[in-house]
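One structure is given here, and the rest of the page talks about it.
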Amino acid sequence: MVKKRRQSDPKTRPNMIILFIVGILVGGLAVYAVLRDKGQGLGDASELGLPDYAYKNQKTLRAYTKAVEYQDMLIYIPCYCGCGIHSGHQSAKNCFIQESGGYDAHGANCEMCIDIVLESVDMYSAGKSIPEIRSYIESKYGDIGPPTSTPLTPDEADISKATLPKNFDSISDGLRLTPVGIKWAQFINVKLVQGTSLEPYAKNRVEPDSFYWEKIVGMYSADYSENSWIELHDLGKEATVKPRKFKGMDNIVTTRPFVFGHAENVKKVLSLFENPEAYPTAYETFKPVLENVKDDEAGMAIVLLDPSAFADLAYFSLRETAPGNVEKIVVYRVSNSSALNMTKYEERAATAMERGFIQYEVKKVDDILNIKMVGDVGRVLNENV
């Protein structure tokens, strides 16, 4: 038996034709929309020279065009996807636009980056300030990942009127708030190093602006071990900020200076705030070298145990004395005289001027060796003493 070819129902044929025509129109409109946006849509994207990955979809394309248009604002907005660590990004801008000026593919593949840019732009267009936008972005995304090391706006970063409190303007003050047992400690007075040749050297030793979204003006840090440390932070003024929360850590922002570190260390420091006699302090450990310096004049200061074969204590400090010229002071407590090569230090002092130094002094009184040098920042920093 030969089967008859099934005939289409005449009643359905017009409907099929209509659907076919509609499909062509919809597809055509979609193609047209893409071509339109690639050409003159969304701020004439064709003139931006956007890469193909920016056209992944409409949302991605809008993020790239807005990142270009608002990049001067986005440099102050952090990203929390982890790109600060794995890609070295400094702000939400860098997820789309590199510091060198080229485009970055990261934003095309990160929904968080796209959302942060579009939300920030919408808020900015609605009249919100950059600190308000940043606060919103942090509250929404801050628990997801670490922020990029995003700078403050120039007005926020201005510390010309900042002052450190009397209980926290030197490494000695930090040591007096630190229980005994540390291996080393460091104090940085950002106001004294900002705008000087020491600023690049100090920058990576201070918590980033994104830590509190306020400029840290004075920072002290000390290590008991690789897994036990404490930090003290001061903003140069009275301020209300949000504490940073990490597992096993504590951040007290109701004191001045603020206290941050492993919870047990923070508890002990708070006890010293209330009662300076609560614990033996690290100041007593380093007092023999600190008695020989004016550490409140230092832009940067460090103390450490067992710095060399001939000394059990050391103090180092840096401060700029004139544009480009830095004073470096080193004080050792000599614990093994037989291991000390005084001739080496005397020869360095004798040849200092011909080596480009402005000043170089070496003095030893009893068990204290004091070295002072002044010269350009590169020469001073590279002088290994």
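All of the numbers you see were taken from the coordinates with simple rules; none came from a lab. As the structure is a prediction and not an experimental result, all values here were calculated from the model. All Cβ positions, even for glycine, are placed from backbone atoms using ideal geometry, and neighbour counts span all protein chains on display.
A cut-off under 12 angstrom between Cβ atoms defines the neighbours of Lys363, and their net charge, with Lys, Arg +1 and Asp, Glu -1, is -1. Can you give me the span-like helices of the chain, meaning DSSP H runs with 20 Å or more of Cα extent along the axis and Kyte-Doolittle mean at or above -1.0? Long hydrophobic helices here: 13-39, 111-125. Pick out which of Glu207, Glu69, Glu327 has the largest mean-square fluctuation in a Gaussian network model of the chain, springs linking Cα atoms closer than 10 Å. Fluctuation is largest for Glu69.
The dipole here belongs to segment 307-354: it is taken about the Cα centre, uses +1 on the Cβ of Lys and Arg and -1 on the Cβ of Asp and Glu, and is about 120 debye. Residues of segment 245-277 with an amide N closer than 18 Å to a point placed 7 Å from the Cα of Ile144 along the Cα-to-Cβ direction: none. On the basis of the beta-carbon distance and an R0 of 51 Å, Leu48 and Asp306 show a calculated FRET efficiency of 0.30. Bridgeable lysines around Lys56 (alpha carbons under 29 Å apart, same-chain partners fewer than 8 residues away excluded): Lys38, Lys66, Lys93, Lys140. Annotation: amide H of Ile77 within the under-5 Å range of Ala92, Lys93, sequence separation 5 or more or interchain, hydrogens built in the peptide plane. When the Cα centres of segment 97-156 and segment 229-246 are compared, how far apart do they sit, in Å? A separation of 23 Å, based on Cα centres. Which of the cysteines in the chain are isolated, no other cysteine C-beta under 4.7 Å? Isolated Cys, the chain: Cys79, Cys81, Cys83. A Cβ-based charge dipole, computed about the Cα centre of the chain with Lys and Arg at +1 and Asp and Glu at -1, lands at about 2280 debye. Over all other residues within a Cβ to Cβ distance under 15 Å of Val217, the charged ones net out to -4, with Lys and Arg as +1 and Asp and Glu as -1.
Summing Lys and Arg as +1 and Asp and Glu as -1 over all other residues whose Cβ lies under 12 Å from the Cβ of Gly88 gives a net charge of -2.
Here segment 164-180 is scanned for amide nitrogen atoms under 14 Å from the site 7 Å beyond the Cα of Ser271 along Cα-to-Cβ, giving 177-180. Around the amide H of Glu207, modelled in the peptide plane, lies no amide H under 5 Å away from a residue 5 or more places distant or on another chain.
Normalising the average separation of contacting C-alpha pairs (under 8 angstrom, six or more residues apart) by the number of residues puts the relative contact order of segment 171-382 at 19 percent.
Of Ser125, Ser172, Ser149, the residue with the greatest mean-square motion in the GNM of the chain, using alpha carbon springs below 10 Å, is Ser125. Here the spin labels are modelled as points 7 Å beyond Cα on the Cα-Cβ line, and at Tyr279 and Thr254 they lie 2.0 nm apart. List the pairs from Lys287/Lys363; Lys128/Lys242; Lys215/Lys245; Lys183/Lys372 whose alpha-carbon separation is above 22 Å, in the order I gave them. Correct reply: Lys183/Lys372. Estimated purely from DSSP H runs of n ≥ 4, each contributing -39500 (n - 2.57), the mean residue ellipticity at 222 nm for the chain is -9500 deg cm²/dmol once divided by its residues. Database remark: amide H of His89 closer than 5 angstrom to the amide H of Gly84 (H placed geometrically; neighbours at sequence offset of 5 or more, or on other chains; Pro and chain starts carry no H). Residue separation of Arg355 and Glu69 scaled by 0.36 nm, minus their Cα-Cα distance, works out to 97.8 nm of gained length. Match the structure shown to one of the listed values (1) 253; (2) 139; (3) 171 of volume of the Cα convex hull per residue in Å³, computed from it, and give that label. Computed from these coordinates, volume of the Cα convex hull per residue in Å³ corresponds to label (1). Between Ser87 and Lys166, the simple label model (points 7 Å from Cα in the Cβ direction) yields a spacing of 5.1 nm.
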